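Asks: First, the structure itself, so that you have it in front of you.
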Amino acid sequence: MPTLPWTTPNTPPTRAEATVFASRFETRTLWGALKFFFRTPTIWRQVSRAPGAYGATLKAAPFRRTFWTLSVWESPKALKNFAASAPHGPIAAGLRGHMADAKFVTWTTSTDALPLDWEDVLRRLR
């Protein structure tokens, strides 16, 4: 299962509160998984330049049609702005019809805890 390494677009301040967003997507078909997989680099580039992004990673199991995302933001507003902006917003809307299931979880953490542990994230998404 490929995992993109943790990237830190913006260095977070120490001992600050941050917003965590995690997701699990399962596509209905392998074609939908391939569409998701091939659009990932575009979103990854956007995250790497996003204002307020403190970190991000992604796990992909395209042949199992499942993807997990994890990102950490300086605030809920920074996360919301990213999610609504292009290219993320239009790509997400275009993939919506390919999804069989999706789960989203948010919580807060200290920036001193970054990067986060995938084991904890996957537990929260179950």
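Asks: Sort segment 19-126 into rounded, prolate or oblate with this rule: let a ≥ b ≥ c be the square roots of the eigenvalues of the Cα gyration tensor; rounded if a/c is under 1.5, and if a/c is not under 1.5, prolate when a/b is larger than b/c, oblate otherwise.
Replies: Details: a/c = 1.97, a/b = 1.33, b/c = 1.48.
Here segment 19-126 falls in the oblate category.
Asks: Further, regarding this structure: Ignoring everything except DSSP H segments at least 4 long, calculate the 222 nm mean residue ellipticity for the chain; use -39,500 (n - 2.57) per segment, divide by total residues, nearest 500.
Replies: Working: 4 runs with 45 residues, N = 126.
Calculated from helices alone, the mean residue ellipticity at 222 nm is -11000 deg cm²/dmol.
Asks: Any idea how many Lys pairs in the chain come in under 21 angstrom at the alpha carbon, given 8 or more places apart or on separate chains? Write down the numbers at each step before the final one.
Replies: Working: 35/59; 35/103; 59/103; 77/103; 80/103.
Lysine pair count for the chain: 5.
Asks: Give the distance, in whole Å, between the Cα centre of segment 1-29 and the Cα centre of segment 75-126.
Replies: Here the answer is 7 Å between Cα centres.
Asks: Order the peptides 52-58, 74-80 from the highest to the lowest mean number of other Cβ atoms within 10 Å of their residues.
Replies: Values: 52-58: 21.6, 74-80: 15.7.
For the peptides 52-58, 74-80, the packing ranking is 52-58, 74-80.
Asks: Return a whole-number percent for the relative contact order of the chain, with Cα pairs under 8 Å and 6 or more residues apart as the contact set.
Replies: Working: 221 pairs, mean separation 50.9, N = 126.
In percent, rounded to a whole number, it is 40.
Asks: Which listed residue (53, 125, 8) has the Cα farthest towards the positive end of the charge dipole for the chain, taking +1 on Lys and Arg C-beta and -1 on Asp and Glu C-beta about the Cα centre?
Replies: Among 53, 125, 8, the one farthest towards the positive end of the dipole of the chain is 125.
Asks: Once the other residues with Cβ under 13 Å from the Cβ of residue 70 are scored (Lys, Arg +1; Asp, Glu -1), what is the net sum? Display every interim value, and only then the final one.
Replies: Details: positive: 24, 59, 103, 123, 124; negative: 117, 119, 120.
Once positives and negatives cancel, what remains is +2.
Asks: Would you kindly state how much longer the chain becomes between residue 102 and residue 30 on full extension, computed as 0.36 nm times their sequence separation minus their alpha carbon distance, in nm to one decimal? Let's see the in-between values first.
Replies: Numbers: separation 72, 0.36 × 72 = 25.92 nm, distance 1.57 nm.
Full-extension gain reported as 24.3 nm.
Every number here is computed from the coordinates shown, using simple stated rules; none is lab data. Please read these numbers as outputs of a predicted model, since none were measured by experiment. When we count neighbours, we look across all protein chains shown, and the Cβ atoms used for this are built from the backbone with ideal geometry, even at glycine.
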